[in-house]
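Just so it is clear, none of the values below were taken in a lab; they were calculated from the coordinates. The shown structure was predicted, so the numbers you read here are calculated from the model rather than taken from an experiment. All Cβ positions, glycine included, derive from the backbone under ideal geometry; neighbour counts span all protein chains shown.
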Ligand SMILES: Cc1cc2nc3c(=O)[nH]c(=O)nc-3n(C[C@H](O)[C@H](O)[C@H](O)COP(=O)(O)O)c2cc1C
């Protein structure tokens, strides 16, 4: 056994955890009507259990819908019609040998989507498709520990004592309901800025009654909630308490306070789950969900500090992808349990693979936050490197091939590699041609960028998987129509990619001008002062990289907004990263000429000159469509995929390649 500590079982009360790897709470918003668990949701959680996790937690089950919900699509624990759906999740998880847990949550002053007396729904306007009509008795008010005139979502009223007492009961009732539905544990959400953390927070909770002010008073609600749950579920039923070991921001509490809190709940709960950050603070949400710009295991330090001070088993979470690191965390007593969020999407089979010596085949999460973005935009999950996420039910359907086809894949980038692997796995004969001497495509240029480490590993892993199959790999081979026809394929995947777009700006041919992908590969070609033309993903990430190498960067973007100005976790991380000293941003500014000493540009203030040693072009890609079109009559079935259709994201390329190859 390579990871003996990681796979040591743990018995707590009535629950047996088969290893130390838990799937951390991850809400699922593709719910059925009236927020009942959907079949997709059941399959989503069950999939994690099938992959070997010891515990799988359903995220954000709301204990009191009328006052406590922060999103209109969360499971309502008061609703008895959730029984069959919740039972199916609990069964789905436990029949695969994992412990099913329900995360019990109340959003407090960050609740939204409550209904006003006139029937309108607070917050609904900000949502696409918000079918958020609720039967609430609370008149749409927001309640928190103290009165706040201008809270993040409007006025917050001080929560009256009778409401506090009622919510304590609701936590207990929700836990009892989870147990009735077949769950083997509950996870109290006491972190990330929600109600319980609002009450424990020294900065937020300045109440002067018995629920606030002193530490003892601030502890009253969390402790009463634990007691209420314990009364409802009994001694043997495990209670996990999730909270932020540190809020990791200028205004939040630090680890010393986190330790104090952990000591106060030590022995009263069964697992102390140490997360970090404050979900409602844009700058610390990227600590809760560590961005790709942060190191792996960045939040383990908080759990380690708490572990030294308590007897209760401690769980750690955040940016964990490597089984060796996890083994070390447990072996060196930094924590007893590791919890994986995004990694459980990148590879739900993580535990099984680590246990059976297949760690090289683990898809490691790149922390691109595609998952997060899709929960917000379409209420479903997607993963850039796992095309089955969001389609778990569909992925379970076996698709035997009716005839073995000869498949030619033209292009060995993200899409081409995925198409070749999927087609080959299903038993087709596959020839994969790549015109360069390496698989991986355009993103190989980022090989040396520290925060793209996991992307690079992903490309290597796909290439290694290809090497292990019967795929006939032909490097340095460009697929011309003649070659394609001569190979007589039944199917062609035209995965030819894209090339950088070079705008017709005077001076673009100057010796000081370089294109982004070339500079990524050879950053030494840049001088100390750099101008990056284009504030899209490529321009921003390249600027962050160059800045980390000590260069001063000016990003010039023609549009009013950088791509960072959109919502989205990864973009918040960008936003944080581009605040670094040494990065300047000029918006709504158009470059009119590149000169040997920089650029001339114009904006509403008129013309301006920006000096630099190097000017980088990062204004997008041109798809290689005509090269793809030329292959359209070279086989009975032809599929154009990936960037050669339209330059897009990794998730689009992987999803398209996998799905079409799965169906041929
Ligand atoms: C898509 C998504 C949904 C999440 N939903 C919840 C949730 O409902 N409740 C919660 O406490 N944390 C939630 N989290 C946070 C994770 O449980 C975890 O703490 C965080 O992602 C950091 O771990 P990771 O780096 O392994 O992803 C969510 C995270 C993601 C990416």
In degrees rounded to 10, the 0-90 angle between helix 537-548 Cα long axis and the longest Cα principal axis of the chain is 80
Here the FRET efficiency for residue 501 versus residue 301, based on Cβ atoms and R0 = 41 Å and rounded to 0.05, is 0.40
Put in order of increasing Cβ neighbours within 10 Å, starting from the fewest, 626, 648 give 626, 648
Under the 7 Å Cα-to-Cβ spin-label approximation, residue 559 and residue 282 lie apart by a distance in nanometres of 1.7
For the chain, longest principal axis from Cα atoms; helix 453-467 axis from its Cα atoms; angle between them, nearest 10 degrees, is 60
In nanometres, the difference between 0.36 nm per residue of separation and the alpha-carbon distance of residue 399 and residue 613 is 71.5 nm
Rounded to the nearest 0.05, FRET efficiency between residue 34 and residue 438 (Cβ-Cβ, R0 60 Å) equals 0.70
In segment 405-503 the DSSP beta bridges are antiparallel at a rate, in percent to nearest 5, of 0
Cβ density ranking, 10 Å radius, fewest first, applied to 181, 371 yields 181, 371
Between the alpha carbon centres of segment 230-266 and segment 455-475 the gap in Å comes to 44
By the C-alpha gyration tensor axes a ≥ b ≥ c (rounded if a/c is under 1.5, else prolate when a/b exceeds b/c, else oblate), the shape of segment 249-354 is oblate
One would report the antiparallel percent of DSSP beta bridges in the chain, rounded to the nearest 5, as 25
So for segment 200-266, using the alpha carbon gyration tensor with a ≥ b ≥ c as root eigenvalues (a/c under 1.5 gives rounded; past that, a/b versus b/c decides prolate or oblate), I'd call it oblate
Contour minus Cα-Cα span, residue 476 to residue 629, at 0.36 nm per residue, comes to 53.0 nm
Semi-axes (Å, rounded, descending) of the ellipsoid equivalent to segment 513-619 per its C-alpha gyration tensor are 19, 18, 11
Extension length gain for residue 251 and residue 166 (0.36 nm per residue less Cα distance), in nm, is 27.6 nm
Taking every DSSP bridge whose two residues both lie in segment 513-619, the antiparallel percent to the nearest 5 is 40
The convex hull of the Cα atoms of the chain, divided by residue count, gives a volume in Å³ per residue of 167
With a Förster distance of 41 angstrom and the Cβ-Cβ distance between residue 457 and residue 11, calculated FRET efficiency to the nearest 0.05 equals 0.70
The simple spin-label model distance between residue 406 and residue 595, using points 7 Å out along Cα→Cβ, in nm, is 6.1
When 109, 325, 200 are ranked with the fewest other C-beta atoms within 10 Å first, the list becomes 325, 109, 200
With -39,500 (n - 2.57) per DSSP H segment of 4 or more residues and division by the full residue count of the chain, the 222 nm estimate, nearest 500 deg cm²/dmol, is -8500 deg cm²/dmol
Per principal axis, largest first, the Cα atoms of segment 344-491 extend in Å by 46, 40, 36
Rounded to the nearest 10, the angle in degrees between the Cα long axis of helix 650-663 and the longest principal axis of the Cα atoms of the chain comes to 80
From the Cα centre of segment 331-372 to that of segment 177-225, the distance in Å is 29
